[in-house]
């Protein structure tokens, strides 16, 4: 294969990495806070709130992300006669945020519930209000528990950005398919695979460093 041609198609496919990273970052920025809020809501004593959040997580975790993306981009426009319609990238942001927030909700809920009741009782004895107990005592310890599943979800998020091609957003896989269709070159898919592997490797290394940082929190 001509080195110049290889460099050209690699650069073209890599251009889609900008969209991949944008979707990845936007999804995390909005889904993590939403997941924390929903997790706290699920742990609250309000049965209606608990039921609403439970239904939300059940729907978004129980249906394919691709189906959700189709519904957001195509379905809402059809149902509302184009009154509610989104650009492809906006539809991706909305779908990915709500989908991943549903998974993060369960991860955060499990992490918070893994902390023993003694922690709450001790902070209450010291006169700490509930919000301060959660911020300074519970969440720092819960982070150590939730980091591995969060790392897995972030890796899945990198791979799930490949679904953006179904709404014609030029991310890594979309650009690779353009090259493959134009030049009949399956090597484009190998280049895309390498780029995804590089991104997931970076995510893994970041989470390893974060896990080392929180290693001093030991739940007993």
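The values are calculated or read from the model by the stated rules, or taken from the named source; none is laboratory data. Keep in mind the model is a prediction, meaning the values are calculated, not measured. When we count neighbours, we look across all protein chains shown, and the Cβ atoms used for this are built from the backbone with ideal geometry, even at glycine.
Here is the figure for the range 76-91: residues that are in contact with a helix residue (DSSP H, G or I) (Cβ under 9 Å, 6 or more places away or on another chain) and surrounded by 14 or more Cβ atoms within 10 Å (Cβ to Cβ) total 6. Count of the range 42-57 residues, restricted to those that are surrounded by 12 or more Cβ atoms within 10 Å (Cβ to Cβ) and in a helix (DSSP H, G or I), is 8. Of all residues in the range 113-131, which are surrounded by 12 or more Cβ atoms within 10 Å (Cβ to Cβ), without any contact (Cβ under 8 Å) to a residue 60 or more places away in the chain and part of a loop (DSSP other than H, G, I, E, B)? Scanning the range 113-131 gives a single hit, 128. Considering each residue of the range 118-130 in turn, at least one proves to be modelled with pLDDT under 75 and within 23 Å of residue 34 (Cβ to Cβ).
Against the test of being more than 21 Å from residue 161 (Cβ to Cβ) and at pLDDT 90 or above, the options 57, 72, 95, 90 yield a single qualifying residue, 57.
For the range 167-197, filtering for residues that are surrounded by 13 or more Cβ atoms within 10 Å (Cβ to Cβ), closer than 23 Å to residue 65 by Cβ and out of contact with any helix residue (DSSP H, G or I) (no Cβ under 7 Å at 6 or more places or on another chain) leaves 2. Looking at the range 132-190, which of the residues that are outside any helix (DSSP H, G or I) and over 19 Å from residue 91 (Cβ atoms) is farthest from the chain's Cα centre (by Cα)? Looking at residues that are outside any helix (DSSP H, G or I) and over 19 Å from residue 91 (Cβ atoms), I get 184.
Would the range 136-147 turn up any residue that is closer than 27 Å to residue 16 by Cβ, at pLDDT 90 or above, surrounded by 17 or more Cβ atoms within 10 Å (Cβ to Cβ) and in contact with a helix residue (DSSP H, G or I) (Cβ under 7 Å, 6 or more places away or on another chain)? No, that holds for no residue.
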